[in-house]
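Colleague: Provided herewith is a single structure, encoded as structure tokens, for subsequent inquiry.
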Amino acid sequence: MENTEHTQLRESLRAAERAEAAPWIDYPPTPAWYPVSVALWAAALTMSFAIESTPVRLVVVFALVGLELGFIVWYRRYRGTMPAGKVPPELARPFYGFMAANLAIAGGALLIARTSTVWAAAIFVFVVVIPSLVWYERSYARAAARTRARLDAA
């Protein structure tokens, strides 16, 4: 009897962990246009800092932020949810690696803008964001598959 109770408890814990991880690992594929669109958006944001007129720059930045918020609303509907809470262990490396890559890209763009031109920085951003996103999407998908396999194992 204790063995049955122990097995039931273990199964309940596994089901709870699977449910907690579901928003992180059960999702539709990202559309093919996503990497290029994000790269264009990031390059446009980079270029916005070259606008000398503060009111015009603010309008452009707010428009770009509005586009991003619109995308987030659409993406949340597309996925049915957005991940929240603790990142499953298998996803930590691609998730935090992508955040670090974003910081490195922003730092590189700032360095290029200060030592060259904002145009050069925007081109840099466009060129590196695409492979960065492709790497992230593939790494995330592999890690999500490992997480599903671990949680779905009997």
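Colleague: Given +1 on the Cβ of Lys and Arg, -1 on the Cβ of Asp and Glu, and no further charges, what dipole in debye does the chain carry about its Cα centre, rounded to the nearest 20?
Modeller: Working: 15 positive and 11 negative charges, 48 e Å.
Dipole of the chain, to the nearest 20 debye: 240 debye.
Colleague: Treating the angle as unsigned and between 0 and 90°, give the value, to the nearest 10°, between the Cα long axis of helix 34-48 and the longest Cα principal axis of the chain.
Modeller: 40 degrees
Colleague: Could you give the nm distance between label points at ARG77 and LEU110, where each point is 7 Å from its Cα heading toward the beta carbon?
Modeller: If labels sit at ARG77 and LEU110, their model points lie 3.6 nm apart.
Colleague: Can you work out the FRET efficiency for the pair HIS6 and ALA149, with r the C-beta to C-beta distance and R0 = 22 Å, to the nearest 0.05? Mind dumping the intermediate values first?
Modeller: On the way: r = 23 Å, r/R0 = 1.07.
So, using R0 = 22 Å, E works out to roughly 0.40.
Colleague: Same structure, new question: Efficiency by 1/(1 + (r/R0)^6): what FRET value for LEU64 and GLU137, r their Cβ-Cβ distance, R0 = 25 Å, to the nearest 0.05?
Modeller: Details: r = 22 Å, r/R0 = 0.89.
After rounding to 0.05, the efficiency reads 0.65.
Colleague: Additional query: Give or take rounding to whole Å, what are the principal axis extents of the alpha carbon atoms in segment 1-91, in descending order?
Modeller: Reported extents, whole Å, longest axis first: 76, 26, 22.
Colleague: What is the sum of charges around ASP152, taking Lys and Arg as +1, Asp and Glu as -1, for the other residues whose C-beta is under 10 Å from the C-beta of ASP152? Can you show the working numbers first?
Modeller: Working: positive: ARG14, ARG18, ARG148, ARG150; negative: none.
It works out to a net charge of +4.
Colleague: Right, another one. Give me the one-decimal nm value for the distance between modelled label points at GLU20 and ARG57, 7 Å along each residue's Cα-to-Cβ direction.
Modeller: In this crude spin-label approximation the distance works out to 4.5 nm.
Colleague: Just to make sure I understand: if all protein chains stay in place, what is the order of GLU52, GLU11 by accessible area at 1.4 Å, largest first?
Modeller: Working: GLU52 175, GLU11 110 Å².
Greatest to least solvent exposure: GLU52, GLU11.
Colleague: So how do TRP119, TRP24, TRP41 rank on accessible area, 1.4 Å probe, biggest first, that is with the largest at the start?
Modeller: On the way: TRP119 170, TRP24 15, TRP41 65 Å².
Ranked from most to least accessible, the order is TRP119, TRP41, TRP24.
Colleague: Further question on the same structure: Over segment 16-154, with every protein chain in place, what whole percent of the accessible area is carbon and sulfur at 1.4 Å, could you tell me? Don't skip to the end; give the middle numbers.
Modeller: Working: 5960 of 8490 Å².
The computed percentage sits at 70.
Colleague: While we're looking at this one, here's another question. Computed from the coordinates I sent, Cα Rg over 2.2 N^0.38 Å equals one of [x] 0.98; [y] 1.70; [z] 1.37. Tell me the label.
Modeller: It is the one labelled [z].
Colleague: Tell me the trypsin sites (Lys or Arg not before Pro) within segment 60-107 that lie in a loop according to DSSP and have at most 12 other beta-carbon atoms within 10 Å. Numbers along the way, then the final one.
Modeller: On the way: sites: ARG76, ARG77, ARG79, LYS86; in loops: LYS86.
The qualifying sites are LYS86.
The values are calculated or read from the model by the stated rules, or taken from the named source; none is laboratory data. Keep in mind the model is a prediction, meaning the values are calculated, not measured. Counting neighbours? That spans all protein chains shown, and the Cβs are built from the backbone with ideal geometry, glycine included. Remember, those area values only see protein heavy atoms, side chains included, never the ligands or the DNA or RNA. Shrake-Rupley method; radii C 1.70, N 1.55, O 1.52, S 1.80 Å.
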